[in-house]
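These notes are about the structure you will find just below.
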Amino acid sequence: MTYSTESLQRHTIEAMQRFSRTYVIAFAILLTLVIIGAAAWIYQIREGLIVTGMRDRITWGLYITLFVFFIGASMGGTFVSAALRLADMGWRAPISRGAEYITVAALLTASLFIFADMGRPERALNIMLFGRWESPLVWDVYGLTTYLAGSMVYLYLAVLPDLALVRDAIGEKLDPVRRLFVVMFSASWTGHPRQERALHISLQVMTVVIVPVAVMMHTVTSWIFGMTLREPWDSPMFGIYFVVGAVYSGVGLIAVFMFVMRKLNRLEAYITDRHFQNMGTLLAGSGGVMVFFQISDLVTAGFKLKTGAAFNLYQLADGAMSPIFWTYIWLGLIVPLALMLNPWTRTVLGVLIAAVLANVGMMLERYFIVIGGLRVPLNPYEPPNYAPTVTELLIVLGLCSFFVLVIMIMMKLAPAISVQEMLETGELETVEKELSTAEGAAS
Amino acid sequence: MNTEPDIKKEKEENLRKWEVSRRQMLKMMGGTAAASMAVAWLPNDLRDDQPQDELVPSEALKDADSERRLRQWMMIIDQRFCDGCQSQGTAPQCTEACNFGHFVPEPMQWIEVYEHEMHHDEGEVEALRASTAPPAEGSSFMPTPCMQCQNPPCVNVCPVGATWTTPEGITLIDQNRCIGCRMCMAACPYERRSFTWGEPPTHPATEFIEHSVEHQLPMKKGVVYKCDFCPEMARAGRLPFCASGCPNNAIYYGDLEEDIATNGDQVVRISEFLTANSAYRHKEELGTRPRVYYIEGHGELVGRDPRNHGLAPVRWVDDENEHTDHWERSVE
């Protein structure tokens, strides 16, 4: 027991200190992409949104699609770290730190996508100055800021004892920037029982608060569409439909992140195949609910065939949106679900493939909801088309790189696995037992 | 060593303080349910959910000071007179008059003329062709300005209050406050809003105008524009550009409060005129309550053959041919 606690600490702290070649190269590439994206954004601000593929008929494009996608990604993080904490599931312990990172990074990125989409980003403060509570967009802005603040507090509470651990173990040896960070934010944490009790209570409270906030956030995001009179969007189902989609893609994103982190930081001993199998089960569960909602949406609209809904269904089935729609149905829903429902394919590699497919699929789904919805003509004219321009793609690529970059920076600021949580949930013992039986079987 | 049990004890005491017995909980729930049901059973008279009737001026407005009467601007578009300016051999003159009068930049059209196929269904066309009722097939034209809804979806979604409805029933946009999120464009079920995607061309005549929400000039980049129902023209006692530009006098502009509208040629009593011609409002089922009324037709009263499809392409202001346009002649 003591041995494994020490080895876990050593492992995670070592991973913090080590800047491998892969890490440095990836960091440099991503930073370049972020800078290129920033340059493209400056160009867009100077010229106006005319440099994008959006026009009067299709007024929202890739920016809003990815905004919705990243809100969804944050939802997955909260689901794994907070909802599983509420359900008292011990196996979340080695993943929860990464899940919290994803939540915060995804929310930061999502808010930047809103700025990228605005015609007048310099007037963003008007939402605070003249905000009308009747507008779904104001709900979204306040929801996003509340959720971002809440998840940052939640992340900080969870990371606090680990920061103190780093301070005590290698505080002197760290570079000045990180030393300042660690000393400042570990806030004289000594692990005194009173401190631990205060932290425990705060974490419990934040867990209960953050889960409904996350659900609210994604519901409100769907209401940006659901509150309009446009045919495929005008549906009371949109809230829960988006929430489930968010859990599905968010859980997938965490599985991808787990895989990469385990490889880079050599944490195979703590993130085992069992954790991947559990993530696979979550993927299967949320994917199954997603299939149910997809069928409900298509069948209720397809049976009645109201004018706008009929147009939307035809464009999905064999019109302009059909490649995207069928890729989503097959590669985004059916294949991952088949992989995850079958115990033989619920391996690390299988989970990775299913998780990547689920994310690509959900991105496509957001795309055909946003652009497909705007494509339904409200007046008699030829249905318009949308294709993103190079500027738009560069900004999107830059912001996606920003998302990964934020996570990569956070990875080096604190232990990648929550030592505190591993001890608290007894997950460390379980992992230890697993290892020894595996070794016994091998010898 | 002995801190552990202390914490536990303290916790239990804390919990006890907040304990609610089952009986108390049930009482509270029952009370809430009873209260909510009592509201639902209130007699209808005590509840104000009657929809307002657009066509009858309200008592409050009638009693208002007659000199400072509150106008309720509205528009009637008589499609029986609209031939899409096919007889003129030009693009729709309402659109061009609006473009030139408001310096609308390309490719915006604050009033856009759409061509509706009257019978989409093949079978329907065949059946009608066999019968004697004309016309069996063809198109009709629908000039669409901003509908000036009285339950405006665009106003409802605007996050910064940059668009609102005036007491006179006109929805306006403040381009100095608009943040360019385009939520209103997604919400408008008539697609009557346009965005300045790039730097809009500034006409020399508009450069030194002070910005006003009533004429929306000079134009800015990255904000939303739409038909403003020409409130300044109305105040000056003139018809909007589209109404005066229409060579067939198909567009009436008027005041619901005074129950009078005119197309520049004749004056009609709105309530009688609308009822007699079974006027309708575009997408009435959405509950947006537009202030623009239509009288169904396909240009038959100006002798248009509905099988004659197509509209000439619309033009906008540019420096070369600014003064060579037909709309000026028709306004004179």
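Quick look at the values:
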quantity	calculated
Condition met for residue A:154 (within 19 Å of residue A:222 (Cα to Cα), among the hydroxyl-bearing types (Ser, Thr, Tyr) and either in contact with a helix residue (DSSP H, G or I) (Cβ under 7 Å, 6 or more places away or on another chain) or without any contact (Cβ under 8 Å) to a residue 12 or more places away in the chain (or both))	no
Yes/no for residue A:177 being crowded, with 23+ Cβ neighbours inside 10 Å, over 15 Å from residue A:214 (Cβ atoms), more than 17 Å from the chain's Cα centre (by Cα) and among the hydrophobic types (A, V, I, L, M, F, W, C)	no
Members of region A:115-128 found to be of a type outside the set (Gly, Ala, Ser) and either under 26 Å from the mean Cα position of the chain (by Cα) or more than 8 Å from chain B (Cβ to nearest Cβ) (or both), listed by number	A:115, A:117, A:118, A:121, A:122, A:125, A:127, A:128
Any hit, region B:264-276, residues being part of a loop (DSSP other than H, G, I, E, B) and in contact (Cβ under 8 Å) with a residue 60 or more places away in the chain	no
Residues of region A:109-142 satisfying the condition of being of a type in the set (Gly, Ala, Ser), over 24 Å from residue A:37 (Cβ atoms) and surrounded by fewer than 21 Cβ atoms within 10 Å (Cβ to Cβ)	A:131
Complete set of residues in region B:167-177 that are closer than 21 Å to residue B:290 by Cβ and either facing another protein chain (nearest Cβ under 7 Å) or of a type in the set (Gly, Ala, Ser) (or both)	B:169
Selection status of residue B:67, modelled with pLDDT under 75 and exposed (fewer than 12 other Cβ atoms within 10 Å of the Cβ)	yes
Helices (runs of 4 or more DSSP H) wholly inside region A:1-98 that include at least 1 residues being surrounded by fewer than 19 Cβ atoms within 10 Å (Cβ to Cβ)	A:2-17, A:21-47
Hits in region B:178-216 (condition: within 14 Å of chain A (Cβ to nearest Cβ) and among the charged types (D, E, K, R))	B:182, B:191, B:192, B:193, B:199
Index of the failed condition, residue A:386 passing every other in (1) outside any helix (DSSP H, G or I); (2) modelled with pLDDT under 90	(2)
Residue under evaluation residue A:70, criteria (1) modelled with pLDDT of 95 or more; (2) in contact with a His (Cβ under 9 Å, 6 or more places away or on another chain), criterion not met	(2)
Region A:344-383, subset assigned to a loop (DSSP other than H, G, I, E, B) and hydroxyl-bearing (Ser, Thr, Tyr), residue farthest from residue A:248 (Cα to Cα)	A:381
Single condition residue B:164 does not satisfy, out of (1) within 13 Å of chain A (Cβ to nearest Cβ); (2) farther than 24 Å from residue A:224 by Cβ; (3) surrounded by fewer than 20 Cβ atoms within 10 Å (Cβ to Cβ)	(2)
Residue B:146 being within 14 Å of another protein chain (Cβ to nearest Cβ), over 13 Å from residue B:228 (Cβ atoms) and modelled with pLDDT of 85 or more	no
Lone unmet requirement of (1) within 13 Å of chain B (Cβ to nearest Cβ); (2) closer than 14 Å to residue A:71 by Cβ; (3) hydrophobic (A, V, I, L, M, F, W, C) for residue A:138	(2)
Test set (1) touching a residue at least 24 places away in the same chain (Cβ under 8 Å); (2) more than 27 Å from residue A:47 (Cβ to Cβ); (3) hydrophobic (A, V, I, L, M, F, W, C); (4) not in a helix (DSSP H, G or I) - residue A:337 fails condition number	(4)
Where residue A:132 falls short, out of the listed (1) in contact (Cβ under 8 Å) with a residue 24 or more places away in the chain; (2) basic (Lys, Arg); (3) more than 15 Å from residue A:414 (Cβ to Cβ)	(1)
Hey, residue B:207 free of Cβ contacts under 8 Å to residues at least 24 places away in the same chain and either within 26 Å of residue B:153 (Cβ to Cβ) or in the same structural domain as residue B:99 (by TED's automatic domain parsing) (or both) or not	yes
Residues within region B:109-133 that are more than 14 Å from every other protein chain (Cβ to nearest Cβ), part of a loop (DSSP other than H, G, I, E, B) and either surrounded by 16 or more Cβ atoms within 10 Å (Cβ to Cβ) or at pLDDT 65 or above (or both), tallied	1
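The values are calculated or read from the model by the stated rules, or taken from the named source; none is laboratory data. Computed from a prediction, not measured in an experiment: that's the story for all the values here. Heads up, the Cβs are rebuilt from the backbone with ideal geometry, glycines too, and the neighbour counts pull from every protein chain shown.
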